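Written out below as structure tokens is the structure these notes cover.
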Amino acid sequence: MLSHLAAVALTTAAPVAAVPDLVPAADREIVFTVEGTPTYGTLHVPAHRAGQRLRAALLLPGSGPTDRDGNQPRMSPNTLAQVADALDRDRVVTLRFDKYGTGATGLGAYRDHPETLDYPAFVRQAKAAYETLREQPETAPHALTVVGHSEGAMTALLLGGSVRPRPASLVLLQPQAIRLLDLVALQLHAQIAEAARQGQLDPEQQRTVDAAIDAAVTALREHRPVDATGLPPAVAQLFQGFQGQNGRFVDSDDAVYPPATAAALRPGTRVLLTCGTNDAQVPCATTDALTVALRRAHVGGPGRVRLPGVDHLLHDAGHPDTPAPAVLDALHRFAGR
């Protein structure tokens, strides 16, 4: 036993290279100012060696009052917080923030005139967030990714063709891939068809409502008042909400055709586009034109990945509160490379 210990002592007496200090994973509150509005966010930094620069991703939320974690009033799926957790496993720094109208940011400079808040303002806010992420001491500025969910994916596409340096990759999770009002009309027609299937509407009533939906979309695009005649009360209320204070935002969002934005991407940009087969809000078929446009832009793969049984919030039947395994696998395959 003594001789064994002596041998160990002899073999370990040689100089050993110093092990770099390990910095534990941590969240850091970030504040950056955009056009007079302090914008609040969370920077998550995975465990890493001191001084090491890591790949990093900006996370962009979906439409409506969706905050940095992917939550809305009375609905807390934690979509973006869970995406940040998933990317941590591949040692990717993430920044997520409260966009206008949400969380600690609120309306900011638009508080006294919310009717002037349009979609380009959200794009500018996201661009400022990207620049903030680029400047963090833990991030590698030429290894940045933009990850967007739903409407945030459309914003990610716009950033991908305009920010400097261009992002190395984009992740488009269940993206808004057609014009806003076309998507709304598609969703409403599907709901009316289901109501007819269940016997709540007869064929003539279905045709009347479908025609009224199309007429409402045309009126909005022509900046005319929407005629609610023939619309169910809930649908009429939806279209009324697209006018007035929200009119400028709806009009400016609807002006963007996502497939057209793909042409500005840097050739070779790696792109992951996911669509869930159980996504009633953004059916896979709505991503067809964008998928073709990305190929024509000569971006890198994997391109579109279909997620069996996955809904718009990245869940499946077996995982109603957390990302489905198919989602986590797609992210890991992409981020782990």
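Assorted remarks:
- Subset tally (residues that are of a type in the set (Val, Ile, Thr) and surrounded by fewer than 19 Cβ atoms within 10 Å (Cβ to Cβ)) for the stretch 228-283: 2
- Candidates Thr139, Thr132, Thr155, Thr102: the one that is on the phi < 0 side of the Ramachandran plot and more than 19 Å from the chain's Cα centre (by Cα) is Thr139.
- Meets criteria (at pLDDT below 95, more than 26 Å from Pro77 (Cβ to Cβ) and not hydroxyl-bearing (Ser, Thr, Tyr)) for Asp214: no
- Some residue of the stretch 63-81 being crowded, with 17+ Cβ neighbours inside 10 Å, at pLDDT 95 or above, small (Gly, Ala, Ser) and more than 10 Å from the chain's Cα centre (by Cα): yes
- Residue check for Arg266: basic (Lys, Arg), closer than 21 Å to Leu157 by Cβ and assigned to a loop (DSSP other than H, G, I, E, B): yes
- Residues of the stretch 284-303 classified as more than 18 Å from Arg266 (Cβ to Cβ) and surrounded by 21 or more Cβ atoms within 10 Å (Cβ to Cβ), total: 2
- Considering the stretch 15-124, the qualifying strands (runs of 3 or more DSSP E), each wholly inside and each with 1 or more residues that are assigned by TED's automatic domain parsing to the domain that holds Ser162, over 19 Å from Glu151 (Cβ atoms) and among the aromatic types (Phe, Trp, Tyr), run over 26-34, 37-45.
- Residues in the stretch 173-213 that are in contact (Cβ under 8 Å) with a residue 24 or more places away in the chain, assigned to a helix (DSSP H, G or I) and not aliphatic (A, V, I, L, M) were compared, and the one that is nearest to Val256 (Cα to Cα) is Asp182.
The values are calculated or read from the model by the stated rules, or taken from the named source; none is laboratory data. Note that the coordinates shown come from a computational prediction; the quantities given were computed from them, not determined experimentally. Glycine also receives a Cβ, built like all others from the backbone with ideal geometry; neighbour counts cover every protein chain displayed.
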